[in-house]
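Take a look at the structure below.
The values are calculated or read from the model by the stated rules, or taken from the named source; none is laboratory data. All values derive from a computational prediction rather than experimental measurement. Positions of Cβ are backbone-derived with ideal geometry, glycine not excepted, and every protein chain shown enters the neighbour counts.
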Amino acid sequence: MSDALLAALAWRRALLRTEIDAVLADWAWHLDHGDYDAVAGLFTEDALFITGAVELRGRAAIKRRYAKRVVLRSTRHIYSGLRVSEDGGDADPGSPSGRWPTRVRARSTWVNYAVNEPAPVDDVGVYLVADFDDVLSWCDDERWRISERRIIPVFRDPARAPVAG
């Protein structure tokens, strides 16, 4: 491969990673600021969401999970270690064909700081450290959306768990 083609492939991979990173960052921002409509909009209509023993299907169920909380909750979600790879579809993210894959897998590690009180608070503690295993799909409106999300807890403080009604 020529240097120009290698550079173009590297640029496309970086652009794909940036787009996936933006979806994950939007999820954290909207969740931390209580915009559950926007959170739900980041998922496909038929999305699968698994966290612990809870399995949800579809945007409406995902939104209800957050909206049913009865105590005002202050959270901040931080993540790192993002890994993006092709998960089926039409082309490799760096393919010279010019097409994006239709599905990608994104793996990352998240830290959730949480307290069941309104901000600002003096108490800061980690509720959860978890690995996220996501599949994102390229949708007809030319946006990446989460079609599968599996949250795999690594460490958890049950005292900081959300209070649901």
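Some points to look at:
- A single member of Val154, Val135, Val124 is part of a loop (DSSP other than H, G, I, E, B), touching a strand residue (DSSP E or B) at 6+ places or on another chain (Cβ under 8 Å) and of a type in the set (A, V, I, L, M), and it is Val124.
- Taken as a whole, the structure places Ala159 among residues that are of a type outside the set (Ser, Thr, Tyr) and either without any contact (Cβ under 8 Å) to a residue 24 or more places away in the chain or over 30 Å from Glu19 (Cα atoms) (or both).
- The set of residues from segment 122-139 being surrounded by 14 or more Cβ atoms within 10 Å (Cβ to Cβ) and not hydroxyl-bearing (Ser, Thr, Tyr) comprises Val126, Leu128, Val129, Ala130, Asp131, Phe132, Asp133, Asp134, Val135, Leu136, Trp138.
- When segment 1-32 is filtered for residues that are acidic (Asp, Glu) and either touching a Ser or Thr at 6+ places or on another chain (Cβ under 8 Å) or exposed (fewer than 11 other Cβ atoms within 10 Å of the Cβ) (or both), the ones remaining, listed by number, are Asp3, Asp32.
- Residue within segment 38-53 that is within 12 Å of the chain's Cα centre (by Cα), part of a helix (DSSP H, G or I) and closer than 17 Å to Asn112 by Cα present: yes
- When residues in segment 1-32 are screened for being among the polar types (S, T, N, Q) and not in a helix (DSSP H, G or I), 1 of them pass.
- Pair list, Cβ under 7 Å, 6 or more apart: segment 140-154 residue over 19 Å from Lys63 (Cβ atoms), other residue part of a loop (DSSP other than H, G, I, E, B): Pro153/Gly52
Condition check ((1) surrounded by fewer than 15 Cβ atoms within 10 Å (Cβ to Cβ); (2) closer than 24 Å to Ala22 by Cβ; (3) modelled with pLDDT of 95 or more) across all residues:
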| position | (1), (2), (3) |
| --- | --- |
| Arg65 | no, yes, no |
| Val70 | yes, no, no |
| Gly94 | no, yes, no |
| Val104 | no, yes, yes |
| Tyr113 | no, yes, yes |
| Pro120 | yes, no, no |
| Asp141 | yes, yes, no |
